[in-house]
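See structure below.
Read-outs throughout are calculated quantities, based only on the coordinates presented, and are distinct from any laboratory measurement. Just so we're clear, the structure is a prediction, and the values are computed from it rather than from any experiment. No Cβ is skipped: glycine too gets one built from the backbone with ideal geometry, and neighbour counts run over all protein chains shown.
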Amino acid sequence: MCVKGLNFLTVLSGLVASGVLQVSGMRIYTSGDMEAVNGTDVRLKCTFQSSSPINPNTIVISWSFRPFKPGQEESVFHYQQRPYPPLEGIFRKRIAWAGDVMGRDASIILQQVKFTYNGTYICQVKNPPDVHGTVGEIRLRVVTTASFSELLLLALGIGGGIAAVVILLIIILSCRRCKKRTQRQREGNEEAPSKDTKDPTVW
């Protein structure tokens, strides 16, 4: 009997490990490491999946902050039926709700970030009865200027947009020229004098 029970547990563990048997619970996804230029706004993206249907009346979202340097963890934001930004602390009047609970989005926006905002931001979501699961973490670094990779991505984005507009204009101008050329050819054919045909009865 013990051997059978041990075999059953072994098979069950194998199924869980292989992903065949999914364990229910709250799953949270964040953007990981981020950079933000001092004085700008940054969106802290946090999305989630729940094994239970989303109930906007009972779902609870909380954000907290833990500085890189030794310091105390601080509450950043709370959502329960409506957003509750902090009334005191370093994030007072600096947090805006940017999520959509029905869209499984718990994101917030940090406004005019400062160097004191360097740290780890923890996103936690509870959707009763689904209240267990891992939390999401974002490690934010506030910098003086954007890093080379971010500047490169920005330049590529702007360059790609300009190139797309130029190509579109070239296509439009080419189409217009073709239409004008075709129209001129048609007009030329219509205005060309027709050859006089001689009446065979006239000598």
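So which of 113, 101 ends up being touching a strand residue (DSSP E or B) at 6+ places or on another chain (Cβ under 7 Å) and surrounded by 16 or more Cβ atoms within 10 Å (Cβ to Cβ)? If you could, list the steps in order and put the result at the bottom.
Values: 101 fails: touching a strand residue (DSSP E or B) at 6+ places or on another chain (Cβ under 7 Å).
Within the list 113, 101, the selection yields 113.
Restricting to segment 43-55, give me the number of residues that are within 22 Å of the chain's Cα centre (by Cα) and either among the β-branched types (Val, Ile, Thr) or over 20 Å from residue 137 (Cβ atoms) (or both). Steps first, please.
Within segment 43-55, the first condition is being within 22 Å of the chain's Cα centre (by Cα), and the residues that meet it are 43-50, 54.
Restricting the remaining residues to those that are either among the β-branched types (Val, Ile, Thr) or over 20 Å from residue 137 (Cβ atoms) (or both) gives 47, 54.
The total comes to 2.
Assess whether residue 93 counts as being in contact (Cβ under 8 Å) with a residue 24 or more places away in the chain and basic (Lys, Arg). Let's see the steps before the verdict.
Values: in contact (Cβ under 8 Å) with a residue 24 or more places away in the chain: no; basic (Lys, Arg): yes.
Against the criterion (in contact (Cβ under 8 Å) with a residue 24 or more places away in the chain and basic (Lys, Arg)), residue 93 does not qualify.
Which strands (runs of 3 or more DSSP E) does segment 28-70 wholly contain that include 1 or more residues that are β-branched (Val, Ile, Thr), in contact with a Leu (Cβ under 7 Å, 6 or more places away or on another chain) and surrounded by 16 or more Cβ atoms within 10 Å (Cβ to Cβ)? Break it down stepwise before answering.
Details: elements: 32-37, 42-44, 46-49, 60-67.
Because the criterion is at least 1 residues that are β-branched (Val, Ile, Thr), in contact with a Leu (Cβ under 7 Å, 6 or more places away or on another chain) and surrounded by 16 or more Cβ atoms within 10 Å (Cβ to Cβ), the strands (runs of 3 or more DSSP E) in segment 28-70 that meet it are 42-44.
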